[in-house]
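> Structure in structure tokens, see below.
Just so it is clear, none of the values below were taken in a lab; they were calculated from the coordinates. A quick note: this is a predicted structure, and the numbers were derived from the prediction, not measured. Backbone-built Cβ (ideal geometry, glycine too); neighbour counts: all protein chains shown.
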Amino acid sequence: MIFPDIVAALTNRAIDSAFLVQPFIGISAAQGTSQLVIPTGHVVPGMPSLLALMGAEFTRQQPEAARRYVTAQLRGTRDFWRAFMKNEGGQAEIIDILVKYLPIKDPAVVARTMNFSVDPNGELNESRLNEAQDYFVRIGNQQQRLDLSRVIDYSYRDYALQRLGRVQ
């Protein structure tokens, strides 16, 4: 079931529980049809809850724009990390930005759904992704395991880290 259909199924009470990602968690919570019970990172520690993807053609045709995008993404990730994971302030400003650009317009709902974890250096736990692949292969949702080295390009993250430095 795709995420928008899951929101509808929760609304219509066709299902009782589901796995959702943002912004669908917030949309469903704003409608009052669900509440976030367990963040993914608590179920499977180290499992990425967010991944940034870029089209291969974009990266080939506009590599500098791709590098700048990943640098900006990592900068924003760090703002979120400092505000929500380190409690260093700035939560209200981030919530205001999200309310402005997301379909969720209730700041309280946005605040309640900001409990996923991010890594300030863009690290990715590939072993957890491989565990997930093994599961999907086992249940038949994926034909074979992907070689992650063929689909993950760390050069953009490494470029961003050169510009921004590592967070300790």
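> Of all residues in segment 57-98, count the ones that are among the basic types (K, R), without any contact (Cβ under 8 Å) to a residue 60 or more places away in the chain and in contact with a helix residue (DSSP H, G or I) (Cβ under 6 Å, 6 or more places away or on another chain). Full working, then the answer.
Within segment 57-98, the first condition is being among the basic types (K, R), and the residues that meet it are 60, 67-68, 75, 78, 82, 86.
Now restrict to residues that are without any contact (Cβ under 8 Å) to a residue 60 or more places away in the chain: 60, 68, 82, 86.
Of the ones still in play, those that are also in contact with a helix residue (DSSP H, G or I) (Cβ under 6 Å, 6 or more places away or on another chain) are none.
Number satisfying all stated conditions: 0.
> Do you know which residues across segment 79-113 are of a type in the set (F, W, Y), crowded, with 16+ Cβ neighbours inside 10 Å and closer than 25 Å to V7 by Cβ?
First, the residues of segment 79-113 that are of a type in the set (F, W, Y): 80-81, 84, 101.
Cutting the leftovers down to crowded, with 16+ Cβ neighbours inside 10 Å gives us 80-81, 84.
F80, F84 - these are the residues of segment 79-113 that are of a type in the set (F, W, Y), crowded, with 16+ Cβ neighbours inside 10 Å and closer than 25 Å to V7 by Cβ.
> Which one of Y101, Y156 is among the hydroxyl-bearing types (S, T, Y) and in contact with a helix residue (DSSP H, G or I) (Cβ under 6 Å, 6 or more places away or on another chain)? Before you say what the answer is, go through the steps one by one.
Working: Y101 fails: in contact with a helix residue (DSSP H, G or I) (Cβ under 6 Å, 6 or more places away or on another chain).
Residue meeting the stated conditions: Y156.
> Does V99 qualify as being within 21 Å of I25 (Cβ to Cβ), part of a helix (DSSP H, G or I) and touching a Pro at 6+ places or on another chain (Cβ under 6 Å)? Break it down into steps so the answer makes sense when it comes.
Details: within 21 Å of I25 (Cβ to Cβ): yes; part of a helix (DSSP H, G or I): yes; touching a Pro at 6+ places or on another chain (Cβ under 6 Å): yes.
So V99 passes the test.
> Checking T77 against (1) over 20 Å from R163 (Cα atoms); (2) of a type outside the set (F, W, Y); (3) in a helix (DSSP H, G or I), which single condition isn't satisfied?
(1)
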